[in-house]
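Below: the structure, in structure tokens.
The values are calculated or read from the model by the stated rules, or taken from the named source; none is laboratory data. All values derive from a computational prediction rather than experimental measurement. Note: ideal-geometry Cβ built from the backbone for every residue, glycine included; neighbour counts use all protein chains shown.
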Amino acid sequence: MKRIAIIGAGLAGLTCGKALQQAGHDVVIFEKSRGIGGRLATRRAEPFYFDHGVAAFTASNDDFQSFVNQLLAEGVIAVWAVHQATPDNSFVSTVSTKPNSVPRVSDNYVGIPAMNAIGKHLASGLTVQRNTRVASIIDHHPIFNSWELLSDKGETLGQFDWIISAMPVEQAKSFAQTSLHTKVLNKYALMPCSVLMLGFDTPLALDYEYAKIEGEDIDKIIVNSAKPHREGGYSLVIHSTPAWTNRHIEEDKTACINHLTQAASQVLGIDLSTAAHKDIHHWRYAIGEAANPQSGDHQLGYLLDNDQNIGVCGDWLLKGDVESAYLSGKKLAKAMIELLKSE
């Protein structure tokens, strides 16, 4: 049995931790935020609920589909049957769940009653230390053959045989201890995204629940309250483009809210400034870019250095979606389990 620290309680970290624990290892997951699940996130502002990270996800891989089917059977997620629609606004390409829409294109899945239900479910039975930021790691291999983790308060978080980074690549780079990791991680980057959350006392007159926008500022608009098993008031979740967030992420919060509200109002032809609740969240690391899909690590979906006892997983090592996060965590755990059997 090995003592393994995982930094990051997103889907990749939780999936990896679950598999390693089931294989008999002692796993501790450290998460800097109070919530778990990464961008499978939900924010509550009564009576409104906002899935302000991932809006929905699909499954194309057989292993991931099996995982999805298990979550469906356990009542953790539900199908959001998505249909393609053609709106009057030529700048908007939408998908809708209206009864008389055109045939369904694909199944989308959402956590119920909120997207963060997935992370909570996976964390059950795992040791997860929330609100704990790992600031540095100390190499004790020459003497004790272990790593020591320190918090941002200078407190020791324990000694571990292995460390797994399940963080966005920019944060993972700070823990790179070998030339292999440094060289590989530098090939990857993540782009930001800002998410505007609007709650309304009265539902809006929209003919669709999901809109993909071809605009400079707005990437997509989701009627969050239209998802299955949702309670509370009528809510919109609006994702900016990475370019917009790059330009405005350091600006005043109110100014950002007002700008995106106005931009979305122009796209929809509806005054969204009447919202009873307005908030915004900036994801600094949200969307993957610029990795060579033919590189070995990108095909594997994980990094593993058995000389330094360091592993790396994350959706950005594959396609950058929910399925990729699951597969990356699962693949790394499988490789480690096989490796540790021989020790």
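Pairing residues of the stretch 133-159 that are closer than 20 Å to VAL27 by Cβ and without any contact (Cβ under 8 Å) to a residue 40 or more places away in the chain with residues that are of a type in the set (Val, Ile, Thr) and surrounded by 13 or more Cβ atoms within 10 Å (Cβ to Cβ), at Cβ distances under 7 Å and at least 6 apart in sequence or on separate chains, gives GLU148/ILE137; SER151/THR132; SER151/VAL134.
In the stretch 1-100, counting only strands (runs of 3 or more DSSP E) that sit wholly within it, the ones holding 2 or more residues that are at pLDDT 95 or above span 3-7, 26-30, 43-45, 48-50, 77-85. Picking from residues in the stretch 182-201 that are of a type in the set (A, V, I, L, M, F, W, C), modelled with pLDDT under 95 and surrounded by fewer than 19 Cβ atoms within 10 Å (Cβ to Cβ), the one that is farthest from ILE218 (Cα to Cα) is ALA189. Of the numbered criteria (1) within 22 Å of TYR285 (Cβ to Cβ); (2) of a type in the set (Lys, Arg); (3) not assigned by TED's automatic domain parsing to the domain that holds PHE50, the one LYS220 fails is (3). Screening the candidates ASP217, ASP252, ASP207 for the property of being more than 20 Å from the chain's Cα centre (by Cα) and farther than 29 Å from GLN171 by Cα yields one hit, ASP207.
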